[in-house]
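This report refers to the structure that appears directly beneath it.
The values are calculated or read from the model by the stated rules, or taken from the named source; none is laboratory data. All of these numbers come straight from a predicted model, not from anything done at the bench. We place every Cβ from the backbone using ideal geometry, glycine too, and count neighbours over all the protein chains shown. For the accessible areas, the whole protein counts, side chains as well, though only heavy atoms, and no ligand, DNA or RNA atoms are used. Shrake-Rupley method; radii C 1.70, N 1.55, O 1.52, S 1.80 Å.
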Amino acid sequence: MTSAARPAPLWQPDADRIAAAHVTRFQAWAADRYGAPADGGYAALHEWSVTELETFWTAVADWFDVRFSTPYERVLGDRAMPGAEWFPGATLNYAEHALRTAEDPAHAGEPALLHVDETQEPTPLSWAELRRQVGSLAAELRAVGVRPGDRVSGYLPNIPQAVVAFLASAAVGAVWTSCAPDFGARSVLDRFQQIEPVVLFTVDGYRYGGKEHDRTGTVAELRAELPTLRAVVHIPLLGTPAPDGALDWSALTSADTEPVFEQVPFAHPLWVLYSSGTTGLPKAIVQSQGGILLEHFKQIGLHCDLGPGDRFFWYTSTGWMMWNFLVSGLLTGTTVVLYDGSPGYPDTGAQWGVAERTGATLFGTSAAYVMACRKADVHPARDHDLSKIACVATTGSPLPPDGFRWLHDEVADDLWIASVSGGTDVCTCFAGAVPTLPVHIGELQAACLGTDLRAWDPHGEPVTDEVGELVVTNPMPSMPVKFWNDPDGSRYHDSYFDMYPGVWRHGDWITLTDRGSVVIHGRSDSTLNRQGVRMGSADIYEAVERLPEIRESLVIGLEEPDGGYWMPLFVHLAEGAVLDDPLRARIKATIRQELSPRHVPDTVIEVPAVPHTLTGKRIEVPVKRLLQGTELAKAVNPGSVDNLELLHFYESLARERRANRS
């Protein structure tokens with residue numbers, strides 16, 4: 001496409017905004033100190049960041065004043081993947097950096113956290129008070145015998161106590177892990193039993209959708225099934241007394257104790273995150289104190305452009321990597337907004353109310369929430385003062401073009417819209433927000449600094465302006481140091497490095513455009529491939545769900561034993577809609593006209609709802625396996641699904657198809 005034929009960007013930062021961005025100042029500073037290119041803007045900086053990988057990460061550590069208590073011998077001791085060795089010899093502590101703003105008397109009394117529940121009344125916790133509580137709790141953890149490398153777990157909602165517990169764990173050098181309290185006992189045990197925690201932080205229940213949900217029975221079950229626990233800490237969110245043998249939160253956090261930060265090796269585990277676990281036990285993904293520290297400094301400080309004076313709100317739960325990412329806003333001196341409640345209570349537009357009440361400067365949410373607001377005829381700027389918001393960021397799935405247009409029209413026409421994509425596996429973004437670049441509809445702005453992102457064809461050749469596998473050809477500091485209980489590293493290797501040896505394959509289809517932007521097409525393991533033409537499922541959803549009758553959809557491409565290809569589209573209808581022949585015809589016409597005649601579904605089938613993982617992703621691969629005849633117990637891990645009953649529909653459909661074909 002010639003430059004004259006290119007569509008104009010939806011948004012373009014002005015000269016003042018570019019000049020004020022942290023990444024602009026970083027580039028000028030790194031040009032002076034480390035030989036980064038002074039000219040050429042972000043594209044030149046990114047190229048330098050991946051070709052001069054060690055120099056770039058040295059510059060990041062220097063720019064953000066990372067405190068190495070013992071110096072590193074070099075940046076990359078070994079750059080092989082898997083197994084890259086970052087900053088060997090160095091010791092540090094993540095929590096020390098997260099609480100550093102509390103050391104500044106000018107900021108110590110300002111809010112580090114703003115907690116909001118469904119009443120939407122923000123409650124502040126100052127930097128000084130956060131530091132005091134972490135110091136008190138860290139001392140108590142040491143008193144009950146928690147040592148570096150021990151695992152500390154939280155069954156907690158998105159509340160300040162969860163942040164305090166995590167930071168105290170990191171201060172001690174323990175390994176944090178958490179699940180949201182809407183997870184059932186089996187789902188939690190599938191995760192926590194793998195890592196054998198010595199401490200469990202729990203609530204008695206939580207509030208969601210205007211209702212109280214008791215969790216005392218689930219907590220009792222967790223205690224019974226986690227024999228390694230030495231202590232259980234009770235947080236009385238609903239006001240119930242501590243059960244027998246449990247310690248009371250307020251008693252552990254009442255002392256005025258100076259925090260002691262255990263200095264640990266750069267690669268020392270910080271936390272364990274979990275894959276969605278749809279087809280087996282969730283992978284227990286271990287990331288390091290130093291790797292997360294540097295990656296999140298870069299991502300939050302340079303890409304999200306956040307620092308002191310900013311307020312960072314991302315709708316998340318403690319069971320999703322975005323919670324860990326959100327808490328890292330503390331590293332840059334940013335006030336972090338914790339919202340504990342339903343995303344759509346008391347109405348669909350609730351999150352915009354939280355953004356207004358907290359003065360959020362960066363508001364992060366899911367693409368699904370944006371599209372739900374559009375469909376519900378929500379008008380954020382009309383109903384709320386959103387003048388503080390500089391950026392709305394989305395993740396979880398690709399933001400459809402209509403989502404970009406809606407945000408531009410209904411929030412602000414001078415709005416930086418950042419669709420971002422990464423993964424739990426690295427707890428960061430591969431591509432997404434860049435404050436100095438234009439935003440094009442349907443595209444992520446660029447690959448992130450230090451991320452050697454490529455689109456590869458099946459032969460391992462890079463492609464531009466064509467769909468390819470998302471690969472990363474050089475190591476990133478936040479790549480897992482290991483999976484838990486994977487002694488020979490085989491499960492880790494097979495998850496990312498089986499297709500292209502020595503190169504991270506993430507499992508997404510992407511297009512890298514010739515201007516450096518990125519388009520995400522969906523998971524490559526559930527990609528539709530009809531007559532050799534590949535299409536991501538996200539492209540189908542974006543087109544179909546524009547229709548007002550369609551609440552949500554699920555598309556599966558099934559390779560048949562006889563060489564055929566069956567592609568059903570499952571639709572969850574809006575209230576009052578009927579799947580009649582005219583609607584079926586409109587659905588097929590929409591896909592034919594907007595996408596491709598090859599990707600018109602063979603059949604459109606109404607379903608009671610679309611199944612999701614506990615972290616809200618549509619379950620495509622397990623449904624595909626069910627339709628191929630795999631029994632339910634082998635096709636999906638029941639504890640990973642939001643509504644297991646929904647999968648019986650697909651199981652029955654597979655039986656009917658087999659019976660009809662026999």
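Looking at the chain only, what percent of DSSP beta bridges run antiparallel? Nearest 5 please. Counting DSSP beta bridges with both partners in the chain, the antiparallel share is about 55 percent.
Taking other residues whose beta carbon is less than 11 angstrom from the beta carbon of L573, and scoring Lys, Arg as +1 and Asp, Glu as -1, yields -4. Atom-type composition of the exposed protein surface of the chain places 49 percent of the accessible area on carbon and sulfur (1.4 angstrom probe). The listed peptides 116-124, 284-292, ordered by packing as a protection proxy, come out as 284-292, 116-124 (highest mean of other Cβ atoms within 10 Å first). Can you tell me how segment 537-648 classifies by the Cα gyration tensor, rounded, prolate or oblate, using a/c under 1.5 as the rounded cut? Judged from the Cα gyration tensor, segment 537-648 comes out oblate (a/c at least 1.5, b/c at or above a/b). Summing Lys and Arg as +1 and Asp and Glu as -1 over all other residues whose Cβ lies under 13 Å from the Cβ of L238 gives a net charge of -2. If the chain linking T630 and A108 were pulled fully straight, counting 0.36 nm for each residue of separation and taking away their Cα-Cα distance, it would gain 182.2 nm. Solvent-accessible surface of the chain, taken per residue with a 1.4 Å probe and all protein chains present: 37 Å².
Rounded, prolate or oblate: which fits segment 509-553, taking a ≥ b ≥ c as square roots of the Cα gyration tensor eigenvalues, rounded meaning a/c under 1.5, else prolate when a/b beats b/c? It is oblate, given that a/c is not under 1.5 and a/b is not larger than b/c. What value, in deg cm²/dmol to 500, does the helix sum -39500 (n - 2.57) over DSSP H runs of n ≥ 4 give at 222 nm once divided by the residues of the chain? When only DSSP H runs of four or more count, the value is -9000 deg cm²/dmol. Note that the chain carries a Kirkwood radius of 25.6 Å, evaluated over its alpha carbons pair by pair. The lysines whose alpha-carbon is closer than 22 Å to the alpha-carbon of K634, local same-chain residues fewer than 8 away aside, are K283, K617, K624.
L558 sits among other residues whose Cβ lies under 11 Å from its own Cβ, and their net charge, with Lys and Arg +1 and Asp and Glu -1, is +1.
Determine the percent antiparallel among the DSSP beta bridges restricted to segment 537-662, to the nearest 5.
Counting DSSP beta bridges with both partners in segment 537-662, the antiparallel share is about 70 percent.
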